[in-house]
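The values are calculated or read from the model by the stated rules, or taken from the named source; none is laboratory data. The structure presented is a predicted model; accordingly, all values stated were derived computationally and were not measured. To get the accessible areas, we keep the full protein, side chains included, count just its heavy atoms, and leave off ligands, DNA and RNA. Shrake-Rupley method; radii C 1.70, N 1.55, O 1.52, S 1.80 Å.
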Amino acid sequence: LQLQAEQACRQLVRTQEEHEQLLQAAVEQAEGLEQSLRNAEAVLAERAAQLRDAQAQLSRNKLLIEELRGENRRFAMALQAAELKQKSMEEKNQLLEEQASALKQLIGKITPASLSG
């Protein structure tokens, strides 16, 4: 009976040691998982910060694009006004050239008549 009790005691000690080893392995695994979780949280926080920065840059770019569109519209209107002014000046120039030609013809007619008179 004493022998059986000693064997049972040894078996109990072995079982207890196995349980302690399993518990230690579980603790180490939990610590590894906690570290992995902290790493994942850090990466996630970094990515979230990058996303916020990118979103802020996108907002700034949208504002800049709107400003450039407005400036482009003003340039287009100024160009259109300049083209209309150029066309008007060309028409005035054409009219002046026609008047100058008519005056030359008139002078050409008057000059011989005054020389002969």
**OP:** Any aspartates and glutamates with Cα under 16 Å of the Lys85 Cα? List them, leaving off those in the same chain fewer than 8 positions away.
**Re:** none
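Could you look at the chain and say what percent of its accessible area is carbon and sulfur, using a 1.4 Å probe and all protein chains? Don't jump to the answer; show the numbers that get you there.
Working: 6510 of 10920 Å².
The C+S portion of the solvent-accessible surface of the chain is 60 percent.
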**OP:** Sequence neighbours fewer than 8 away in the same chain don't count; with that in mind, list the lysines whose C-alpha is under 25 Å from Lys92.
**Re:** Lys104
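Report the extension gain between Ile107 and Gln2 in nm, rounded to one decimal, defined as 0.36 nm multiplied by the number of residues separating them, less their alpha carbon distance.
Numbers: separation 105, 0.36 × 105 = 37.80 nm, distance 15.25 nm.
Taking 0.36 nm per residue and subtracting the Cα distance, the gain is 22.6 nm.
Per residue, how much accessible area does the chain have with a 1.4 Å probe, in Å²? Intermediate values should be presented prior to the final figure.
Working: 10920 Å² over 117 residues.
With all protein chains present, the chain gives 93 Å² per residue.
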Original post:
Which of these, Glu83, Glu98, Glu67, has the largest mean-square fluctuation under a Gaussian network model of the chain (Cα springs below 10 Å)?
Top reply: Glu98
Subject >> Reference-scaled alpha-carbon Rg (2.2 N^0.38 Å with N residues) for the chain >> reply: 3.67
**OP:** With springs connecting C-alpha atoms under 10 Å apart, model the chain as a Gaussian network and identify which of Ser36, Ser101, Ser88 has the largest mean-square fluctuation.
**Re:** Ser101
Original post:
Which angle from 0 to 90°, rounded to the nearest 10, does the C-alpha axis of helix 2-116 make with the longest principal axis of the chain?
Top reply: 0 degrees
Original post:
Of Lys85, Lys104, Lys62, which is the most mobile in a GNM of the chain whose springs link Cα atoms less than 10 angstrom apart?
Top reply: Lys104
